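Remarks on the structure that follows.
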2 protein chains.
Amino acid sequence: MKNFNFYNPTRIFFGKDETDKIGKLSKQYGDNVLLVYGKTAIKRNGLYDRVISRLKEENINVFELPGIDPNPRIESIREGGELCKKHKIDLVLAVGGGSVIDASKGIASAALYDGDPWDFYSYKEESKGALPIASILTLSATGSEMNAGSVVTNFATKEKNGWGSPFTNPKFSILDPVNTFSVSKHQTACGIVDALTHVYEFYFSSDQAYLNDRVCESIMKTVIHFGPIALKDPENFEARSNLMFSSTLALNGLSGFGKTWDGFNHTTEHLLSAYYDIAHADGLAILAPHWMDKILSKKTLNKFYEFAVNVWGVEESEDKMSVAKEGINRVYKFYEAIKMPLKLSDVEIIDPPLDELAKRATKNGTIGRYINLDYSDVLDILNKAL
Amino acid sequence: MKNFNFYNPTRIFFGKDETDKIGKLSKQYGDNVLLVYGKTAIKRNGLYDRVISRLKEENINVFELPGIDPNPRIESIREGGELCKKHKIDLVLAVGGGSVIDASKGIASAALYDGDPWDFYSYKEESKGALPIASILTLSATGSEMNAGSVVTNFATKEKNGWGSPFTNPKFSILDPVNTFSVSKHQTACGIVDALTHVYEFYFSSDQAYLNDRVCESIMKTVIHFGPIALKDPENFEARSNLMFSSTLALNGLSGFGKTWDGFNHTTEHLLSAYYDIAHADGLAILAPHWMDKILSKKTLNKFYEFAVNVWGVEESEDKMSVAKEGINRVYKFYEAIKMPLKLSDVEIIDPPLDELAKRATKNGTIGRYINLDYSDVLDILNKAL
C-alpha cells in the first residue's frame, strides 16, 4: 500500500429531520449567514422555508445568493465573495447539491481575498483562508459535502477547473435523505453515475491496496443495488439513505487511500462540459464505458476481472477475458437501464472538434495515471463515443 | 438507516518512514513532550531511539512515562497526569499499541483536572479538556489511534471501564506498517481478533444499513485474508499495511455508522479481564464464537447467512441454517489456526465464579443490544466456554 495522508474534519449529521438542527448549528459561527442555493427546487419542496424558519428562530440575519448553475460559474463566486464582504458574513451555508456546495467553497475563499477568485482556480494564487462553510445536501452525487474540492467553470476561457484548499472542508454537513426524495429521475441517475465514477478513478489503479479495493467495491455495489430502487420508488428511505452516504464515501478520502487517482474520466469530462455545458454526469456516463473498453488488456485483466465478479456479480470462469468484457458490458447495460446517455450524440453534441479536444486532454503528453493514454488513444475513445 | 453523527478529526500519516515526521509534527504543539510507552519492545526494535532522535532534532524536551501495562491501570493515568502538570507538557505522545494510546488519553485529560482521573472512567465527572494527544502506532488492533476511546482498569474495584471525551481524539497518528514487523505471533493474532470483534459489535445488528454491512464485510475479509500471511511472513509489507488500516477503520466510526453497538463481547470481556488480567483479545476470542452459537436463531438467520457467504466464502445454499452454522464454524477454525484460545481453560481460568460474572454482566437486566441476553443466557455462554 502506498503512503497516504487522511484527514477529514467535516462533521456529518445524517438522517431524517437532522435538517432542523441548522439553526443552532449555524448560530455557533455568528449572526450573519449567506444562504447559497440553485434554482427553484428548494422553494418547491419546502426546504427553503424550513431552513429560513430554523435560522430566524436563532435570530440569524440571512442574506441570499440564489441561482447557482449546475456547472457553477466564476461570476457567481465573484458575486458571492462581494456579498460576504459587504454583509460581514460569518457562515456560508450551501443548500443544494455539489454545484452549490462547490460554489460556496469558492465564495467563502473569495470573501477573504482581495484579487479575482479565478486566481485560485487557475492555480495562480494560494488561498490563505476561508469563511466557515456548511451544507445541507439535496442531491447524492459529488461528495462535496465532505471534502475540500470545488469545481468552477470559466466559460470565457472554456476552462472548468477543480481546486480546493486546507480551509474549504465544510465545518458540518446535514445529510437528510428525505431532502432527496424530490430529486428527478435524471438527476438521481446522474448522482449514481457521478458516485460510481469517483470510485472508478481510484479503483482502477496499479497500486496494490486490497482493503481499498474491497471498500470501493462496497460503495459501488451499494450504489448499483439501490440506484434502480430509488428511481422506481423515489421516496424509499433506505435507497435514498444508502445512495446518500455512498456518494459521500465515494469522495471523502475513503475510496482513495493508498491509491493514485487516475483522472482520465473527470479531466476529459471537464473539458467536454466547458465546451458544451452538459451535465457533468452525462459526460461521465458517455466516457467511462468507452474508456474501460480502451484500457482492457492483458495488463489490466485482473483488475477488470475483479470488477466484473465482485461488483457486477458476473460468474467466475477460467476465461478471464470474457468475464472482464461482460463486466464492462454490464456497465453499458446499467447506464442504459437508468437512462443515462452512452453517446455524445445523446446529449446533442454533434460533430465536436475531436482533434482540439484530444489535444487539450493530452496537453501534458498523456492523460490517465493507471493507463497513460496519448492523443490517438483519446481520439479513439471520443470517436467511439460519437 | 438510522440517524448518526460522524466526526473524526484525527490526521493519519500512513506508510513507510512516516515515523520520521514525528519531530516536526510534535513541535507544532510546543517544546515539552511526554513520551508514553510500554515495556521494552520499542527499545529492542530501535523505534525508541528513532523517535528520540527526531524529537531532539527539533529541540524538544522529552519526559518519559514507560511501563504502561497491556491492561493500562488507573495508577498510570494518575502518575502521567502529575508528570504533565509538573513539566508543563504540551503534547502527550503515545508510542505503542492500544493500551499505550488509551493511557495517553487518560493522562492528557488528567493533566487538566484537579481530582482523581478515575472520576472520568467511573462516569462521575465530565472532562472539560485535554492536552493534545498524538500516537505512533506499533500494533494493529484497537483502533485507538483514530478514535476518542480509552479503556482503563481499576484492579482495586475489579472494574475495566471504557470512556472518551470530545477532547481525546489524537491530533495525529503515524501508522508506519514497518513498526509492526516485530510484533509477536500471539500479539498479531490478538490484533486480528480485536479488529474482527470491533466489527462484529456493529455488523450483528437489527438495524438496516446495507452500505455499512458491505463496508464491515470489507474490513473483515481483509483481516481474514492478510492475518495468516502476516503470521507466516511477519515482514510482509502488504499484509502489515492492510491489517493496520483495517484495524483503524474497524473502530473509527466507519464500521458503525447507522448501526447500534451490540456490546456483549466487549462488556463481558472487560469483566473477565478485570478479574483475571488476561489479554483483551484472548477474552474476545473465547467469547465471540460461543456468543454466535447462542444467538443464531430464525430471527438472526439472514444475518449469519450473509456473514457466512460474504465474509467466509461459504457456498450459498437453500439450507440457510447449515450455511449459517458453517460460517460460525469457520470462526472457530480460523481462531484455532491463528492459535487463539477458544476456552477459558486455555488461558488458565479454571473454575471461575460463573454466577457472579453472569450477574455482573446482566446487572442492567440484559446484555447485548442485537439479541438481549439475560442471566441464564450469559451463564450458558460462559459454561460452554469453560
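The values are calculated or read from the model by the stated rules, or taken from the named source; none is laboratory data. Since this is a predicted model, take the numbers as computed values, not measurements. Glycine also receives a Cβ, built like all others from the backbone with ideal geometry; neighbour counts cover every protein chain displayed.
What is the one condition in (1) more than 20 Å from the chain's Cα centre (by Cα); (2) touching a residue at least 12 places away in the same chain (Cβ under 8 Å); (3) within 14 Å of another protein chain (Cβ to nearest Cβ) that A:G313 does not satisfy?
(2)
Evaluate the range B:123-138: report whether one residue or more is surrounded by fewer than 24 Cβ atoms within 10 Å (Cβ to Cβ) and among the acidic types (D, E).
Scanning the range B:123-138, I find at least one residue that is surrounded by fewer than 24 Cβ atoms within 10 Å (Cβ to Cβ) and among the acidic types (D, E), so the answer is yes.
Would you please name the residue that is farthest from the chain's Cα centre (by Cα), looking only at residues in the range A:231-248 that are surrounded by 21 or more Cβ atoms within 10 Å (Cβ to Cβ) and either outside the structural domain of A:Y370 (by TED's automatic domain parsing) or without any contact (Cβ under 8 Å) to a residue 40 or more places away in the chain (or both)?
So the residue we want is A:A239.
Could you identify the single residue in A:I136, A:I77, A:I107 that is under 25 Å from A:L196 (Cβ atoms) and within 24 Å of the chain's Cα centre (by Cα)?
Sole residue among the options that is under 25 Å from A:L196 (Cβ atoms) and within 24 Å of the chain's Cα centre (by Cα): A:I136.
So which residues in the range A:218-271 are more than 24 Å from A:A308 (Cβ to Cβ), away from chain B (no Cβ under 14 Å) and in contact with a Lys or Arg (Cβ under 9 Å, 6 or more places away or on another chain)?
Hits for the range A:218-271 are A:P234, A:H270, A:L271.
With B:K43, B:K2, B:K56, B:K27 as the choices, which residue is over 21 Å from the mean Cα position of the chain (by Cα), within 14 Å of chain A (Cβ to nearest Cβ) and over 16 Å from B:E145 (Cα atoms)?
When all the criteria are applied, what remains is B:K2.
Looking at B:E306, is it free of Cβ contacts under 8 Å to residues at least 24 places away in the same chain, out of contact with any Leu (no Cβ under 6 Å at 6 or more places or on another chain), under 23 Å from B:P228 (Cα atoms) and outside any loop (DSSP other than H, G, I, E, B)?
no
Sort out which residues of the range B:328-353 are free of Cβ contacts under 8 Å to residues at least 24 places away in the same chain and surrounded by 15 or more Cβ atoms within 10 Å (Cβ to Cβ), and write them in order of number.
Selection gives B:N329, B:R330.
Is it the case that some residue within the range B:189-201 is over 21 Å from B:G149 (Cα atoms) and within 18 Å of the chain's Cα centre (by Cα)?
Yes.
Any chance the range B:288-299 includes a residue that's under 16 Å from the mean Cα position of the chain (by Cα) and at pLDDT 95 or above?
Yes - at least one qualifying residue is present in the range B:288-299.
Starting from residues that are touching a Cys at 6+ places or on another chain (Cβ under 8 Å) and part of a loop (DSSP other than H, G, I, E, B), keep the ones in the range A:110-133 and report whichever is farthest from A:A195 (Cα to Cα).
Across the range A:110-133, the extreme among qualifying residues is A:A111.
Are any of the residues in the range A:338-345 more than 22 Å from the chain's Cα centre (by Cα) and among the aliphatic types (A, V, I, L, M)?
Looking through the range A:338-345, none of the residues is more than 22 Å from the chain's Cα centre (by Cα) and among the aliphatic types (A, V, I, L, M).
With the requirement that a residue be within 14 Å of another protein chain (Cβ to nearest Cβ) and of a type in the set (G, A, S), what does the range A:188-205 give you?
Correct list: A:A195 only.
Within the range A:31-39, is even one residue out of contact with any Ser or Thr (no Cβ under 8 Å at 6 or more places or on another chain), touching a residue at least 40 places away in the same chain (Cβ under 8 Å) and within 14 Å of chain B (Cβ to nearest Cβ)?
Looking for residues that are out of contact with any Ser or Thr (no Cβ under 8 Å at 6 or more places or on another chain), touching a residue at least 40 places away in the same chain (Cβ under 8 Å) and within 14 Å of chain B (Cβ to nearest Cβ), one finds none in the range A:31-39, hence no.
Name the single residue that is surrounded by the most Cβ atoms within 10 Å (Cβ to Cβ) among those in the range A:5-24 being more than 11 Å from chain B (Cβ to nearest Cβ) and over 22 Å from the mean Cα position of the chain (by Cα).
A:I22
Residues that are of a type in the set (K, R), at least 3 per element: which helices (runs of 4 or more DSSP H) completely within the range A:1-98 meet that?
A:47-57, A:74-87
Let's see how each residue does on (1) closer than 26 Å to B:L254 by Cβ; (2) at pLDDT 95 or above; (3) away from chain A (no Cβ under 14 Å):
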| site | (1), (2), (3) |
| --- | --- |
| B:Y121 | yes, yes, yes |
| B:G129 | no, yes, yes |
| B:I133 | yes, yes, yes |
| B:T138 | yes, yes, yes |
| B:G149 | yes, yes, yes |
| B:P170 | yes, yes, no |
| B:D176 | yes, yes, no |
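Which of (1) part of a loop (DSSP other than H, G, I, E, B); (2) at pLDDT below 95 does B:K160 not meet, given it meets every other one?
For B:K160, the exception is condition (1).
Rundown of residues vs (1) within 18 Å of B:Y203 (Cα to Cα); (2) modelled with pLDDT of 95 or more; (3) not charged (D, E, K, R), yes/no style:
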{"position": "B:H280", "(1), (2), (3)": "no, no, yes"}
{"position": "B:K303", "(1), (2), (3)": "yes, yes, no"}
{"position": "B:A308", "(1), (2), (3)": "yes, yes, yes"}
{"position": "B:M321", "(1), (2), (3)": "no, yes, yes"}
{"position": "B:R330", "(1), (2), (3)": "yes, yes, no"}
{"position": "B:K333", "(1), (2), (3)": "no, yes, no"}
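Matching residues to (1) out of contact with any Ser or Thr (no Cβ under 9 Å at 6 or more places or on another chain); (2) on the phi > 0 side of the Ramachandran plot; (3) small (G, A, S); (4) not assigned by TED's automatic domain parsing to the domain that holds B:T142:
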position: B:D282; (1), (2), (3), (4): no, no, no, yes
position: B:L301; (1), (2), (3), (4): yes, no, no, yes
position: B:E315; (1), (2), (3), (4): yes, no, no, yes
position: B:A324; (1), (2), (3), (4): no, no, yes, yes
position: B:G327; (1), (2), (3), (4): yes, no, yes, yes
position: B:L342; (1), (2), (3), (4): yes, no, no, yes
position: B:D346; (1), (2), (3), (4): yes, no, no, yes
position: B:A358; (1), (2), (3), (4): no, no, yes, yes
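In the range A:51-66, what residues are surrounded by 15 or more Cβ atoms within 10 Å (Cβ to Cβ), closer than 26 Å to A:A156 by Cβ and free of Cβ contacts under 8 Å to residues at least 40 places away in the same chain?
Hit for the range A:51-66 is A:P66, nothing else.
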